[in-house]
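J.: Can you read through this structure? Questions will come right after.
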Amino acid sequence: MNIRTSAAVFAICSTLSILATPAQALAKKSFDTTSTPTDERVLVIGASVAQGQKDTRPKGGYLRRAFHALNLLSDNHFTVVDKAVPGSTVRSIRKTYSNWLDAVHPNVVVIAWGGLNDLARHTPFSEIQHEVHWQIDTALKHHAAVILVTSPVSPASYTTYRVAQTDLFNSEVETAKRFHSQNVYIFNVFSQMKSYFAAHHEAYQPYMGDGWHPNAQGHELAAQLFVKDWSNTFGTHPVRFQA
C-alpha cells in the first residue's frame, strides 16, 4: 500500500469512527489508485430516514455521510442528488421519478425506502413490490446501476413493526434479486445493524432520535455499514453500467 493509498484509508477510518470492523476491513483491502478519476452522479430516492431526519446538520443522514466518506476513499467524486422526501411512500414518486432520471442522468440510483410510511398506511406488500420493481427497471432502462439499500433500524423496528418491517425488506430484497442483473446490488443495512447490536451486546436506544428515526450516532453507524458494503462490492473503482 503506497503513501497515497494509506492516507486515503486513514482519512476514511478517521471519518468513520464508531465501528471498528468496517474500518479494519477497509484497512486490509487492497485499493487500486491507478484508475482515472471520475465524477459519479448518485440519485437517492426514499423518505425521511434517507433524507437524514434527526441527524445533525450539515451531515444530512447516513447516505450523505457515506458518500462523503467515499469521496475521501478514492479519486472518484460522488455528487449526490437527494430526492428523498419525508412522509413519502413508494408510490409518491410515480409522476416525477422518470423526470428525475432524465434530468440527473445518474450513474447510480440508490433506492432507500424505510418502509414505515407504507406500513402505517397498510400499503399491500404486492403494491410495494410492484413499485420497487418498476423503480429498478426504470433506472436500468436509463442505464443506471441500482443499489437497493434497506433502512437503518429505528425503535419501531423492535416494537410496533418488529415483524412487518423485516418482512417488507425481505420482499424488497427478493424483488431486486429476481432481476438477476449485474447492475442491481443489495446493501442490507437493516439486517447488518441489528446484527451489530446483537453481536456487541449493545442496546439500540442510544442510537435513536425518535420512534421512527436514528440519531446522529445511528446515522453514522449506518453510513459505516453502507461504506463497508460499497467497498467490498466496488473497491475504489467507478460504478459502470454493464450493458
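The values are calculated or read from the model by the stated rules, or taken from the named source; none is laboratory data. Worth saying up front: this structure is predicted, and the values here are computed from it rather than measured. Glycine gets a Cβ as well: all are built from the backbone with ideal geometry, and neighbour counts include every protein chain shown. Side chains included, ligands, DNA and RNA excluded: accessible areas come from the protein's heavy atoms. Shrake-Rupley method; radii C 1.70, N 1.55, O 1.52, S 1.80 Å.
J.: Tell me the carbon and sulfur percent of the accessible area for the range 39-230, rounded to whole percent, probe radius 1.4 Å.
T.: That share works out to 50 percent.
J.: Continuing with this model, one more query. Give a quick list of trypsin sites (Lys or Arg not before Pro) in the range 115-168 that DSSP marks as loop, anything other than H, G, I, E or B, with at most 15 other Cβ atoms within 10 Å.
T.: ARG121
J.: Here is a follow-up. Within the range 96-128, which residues have the backbone N less than 15 Å from the label spot 7 Å out from PHE179 along Cα→beta-carbon, could you tell me?
T.: Those under the cut-off are 98, 101, 106-113.
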